[in-house]
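Asks: Dropping the structure in here first, questions after.
The values are calculated or read from the model by the stated rules, or taken from the named source; none is laboratory data. Computed from a prediction, not measured in an experiment: that's the story for all the values here. Heads up: the accessible areas ignore ligands, DNA and RNA and are worked out on the full protein's heavy atoms, side chains in. Shrake-Rupley method; radii C 1.70, N 1.55, O 1.52, S 1.80 Å.
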Amino acid sequence: MNDFYKDILIGTVFVIGLLGFISGEFIISSLLFASAAIASNIKVNSKRGKTGQFSWE
């Protein structure tokens with residue numbers, strides 16, 4: 001899966017979480033926001049490791 005499709009997936013999860021929050025489904029929207037944040041951070045950290053930048057590992 002290339003980066004464009006990952007960006008679309010993360011954005012879709014975020015938007016669905018936002019719509020869930022607006023409709024009052026707070027537990028589901030919290031889960032979706034958390035999964036979007038974790039996926040985004042994993043993506044950023046994997047790019048840092050490939051370029052040789054400083055990491056906390």
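Asks: Please compute the length gained on full extension between Phe21 and Ile8, using 0.36 nm multiplied by the number of residues separating them and subtracting their Cα-Cα distance.
Replies: Values: separation 13, 0.36 × 13 = 4.68 nm, distance 1.98 nm.
Net length gain for the segment: 2.7 nm.
Asks: Mind checking the per residue accessible area of segment 1-44 for me, 1.4 Å probe, whole number of Å²?
Replies: With the other protein chains kept in place, segment 1-44 gives 74 Å² per residue.
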